[in-house]
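The block underneath contains the structure these notes are about, expressed in structure tokens.
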């Protein structure tokens, strides 16, 4: 049963075209390593994420305001890091009438394909002040950087 409190999303034809392009790319095996892969339809909202890299690790920083730690899950399956969870509506007064509701609630999912040099056994996640930080160390033995190979 649909919730009366859920606000309708604005239709964006460009977002739909981007979703279709992404699905075709995955179908044809054209998804590039490290490219974000996710299904927008699986979540009610999308938290903003920063993905960065240092010499020794990859970092994913997800903005999750008003989300409780116990409502967040970080999983790794077949080289894809998934951040899922739910932001729940909490009101003290059931008689409260909203004149405007712009904050999205509900489930969310963000997915990121890990590069080949990521070390999946040493991934760590911390959560505090509405921010989730996932650190993925690099494995130097699995380096994917270009180099010249001497021919003997």
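Since every read-out is calculated from the coordinates, none of them should be taken as a lab result. Bear in mind that the values here come from a model prediction, so they are computed numbers and not experimental data. Virtual Cβ from ideal backbone geometry, glycine too; neighbours counted across all protein chains shown.
What to note about this one:
- Protection-proxy order for peptides 108-121, 73-86, each taking the mean of Cβ atoms within 10 Å per residue, highest first: 108-121, 73-86
- For the stretch 50-90, average projected area of the Cα convex hull in nm²: 3.7
- Counting 0.36 nm for each residue step from residue 16 to residue 104 and taking away their Cα separation leaves a gain of 29.7 nm.
- Scattering from the stretch 66-142 was approximated by placing one identical point on each alpha carbon and applying the Debye formula without solvent; log10 I(q)/I(0) at 0.21, 0.26, 0.28 1/Å stands at -0.99, -1.27, -1.36.
- Estimated inter-spin distance, residue 133 and residue 63, nm [label 7 Å along Cα→Cβ]: 1.8
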